[in-house]
Amino acid sequence: MRGVSLLAIVIVPVSSAKAFNPVAVTVADFNGDGYDDVAVLNDDDASVFLIRSNGDRTFEPFTPSTLVTGAPHGLAITSGVLGTSSAVSLAVASGDSVTFGAVSVLLGNGDGTFKTARSNTVGVSPDALVVARLNGDAWNDLAVVDSEEFADQNISLLYGNSDGTFQADQRTTAEISSIGIAAADFDQDGKMDLVDLRVGSRFFREVTLGI
């Protein structure tokens, strides 16, 4: 088995703002230049700081560098192609442990800029999310696990439309204290399955769709 060798560690300041508290990160080519870039989520106001890769192990902020979602308390971020566009978009989960949960979707323009965030309601305190094609149509969807111990303990399914918008969420029960979610076709039947990761256990629980 071949190991991974780290040739260098590059430290990139993400923001000079005093209120910036990074909580999550996603990597993708946001401007279509062939190099993967970085998006860092801020816990305090669910804003996103964008860092462009120059392809030579150097990085610099995009212009503009900060995306506003208008939501409180960023919790998780992911990236992927949504709708019929080939541009990479961002999805940000935000909320609290009492009353609020949302996913803000920022559709990419393909040049490192993004459209205004659109909010989608999900269960309280969404902890993680994944982009995957869940219902068999041509467009990617979102699965969001929102199962903090004192929240409502669901997986919210947001089915995507061709224009990058999403239908109202459909919910299925998740395990208590789930903190992560992933998607794969485990049984090779052509239908995507989901796994949610639970705190305090060495095992994971599989939630299967469409079988």
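General remarks:
Results for (1) basic (Lys, Arg); (2) within 22 Å of residue 63 (Cβ to Cβ); (3) in contact (Cβ under 8 Å) with a residue 12 or more places away in the chain, shown as yes or no for each residue.
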| residue | (1), (2), (3) |
| --- | --- |
| 100 | no, no, yes |
| 103 | no, no, yes |
| 109 | no, yes, yes |
| 112 | no, yes, yes |
| 116 | no, yes, no |
| 119 | no, no, yes |
| 124 | no, no, yes |
| 131 | no, no, yes |
| 135 | no, no, yes |
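- For residue 71, the stated conditions hold: it is in contact with an Asp or Glu (Cβ under 9 Å, 6 or more places away or on another chain), open to solvent by less than 20 Å² (accessible area, probe 1.4 Å) and among the small types (Gly, Ala, Ser).
- Verdict on residue 174 being closer than 16 Å to residue 30 by Cβ, open to solvent by less than 30 Å² (accessible area, probe 1.4 Å) and over 13 Å from the mean Cα position of the chain (by Cα): no
- Flag for residue 37 being modelled with pLDDT of 95 or more and of a type outside the set (A, V, I, L, M, F, W, C): yes
- Subset of region 24-49 [open to solvent by less than 70 Å² (accessible area, probe 1.4 Å), in a strand (DSSP E or B) and over 15 Å from residue 65 (Cβ atoms)]: 24, 26, 28
- Beta carbons closer than 8 Å, at least 6 apart along the sequence or on distinct chains, never pair a first residue in region 69-98 that is without any contact (Cβ under 8 Å) to a residue 12 or more places away in the chain with a second that is crowded, with 18+ Cβ neighbours inside 10 Å and of a type outside the set (Gly, Ala, Ser).
- Qualifying residue in region 152-165 (condition: open to solvent by 10 Å² or more (accessible area, probe 1.4 Å), at pLDDT below 95, over 27 Å from residue 66 (Cβ atoms) and over 17 Å from the mean Cα position of the chain (by Cα)): yes
- Only one of 99, 84, 66, 116 that is open to solvent by 20 Å² or more (accessible area, probe 1.4 Å) and in a strand (DSSP E or B): 66
- Some residue of region 128-146 being at pLDDT below 95, part of a loop (DSSP other than H, G, I, E, B) and under 22 Å from residue 23 (Cα atoms): no
The values are calculated or read from the model by the stated rules, or taken from the named source; none is laboratory data. None of these values were measured; they are calculated from a predicted model. Reconstructed Cβ throughout: ideal geometry from the backbone, glycine too, with neighbour counts over all protein chains shown. Each accessible area value is taken on the protein alone, full model and side chains, heavy atoms only, with ligands, DNA and RNA left out. Shrake-Rupley method; radii C 1.70, N 1.55, O 1.52, S 1.80 Å.
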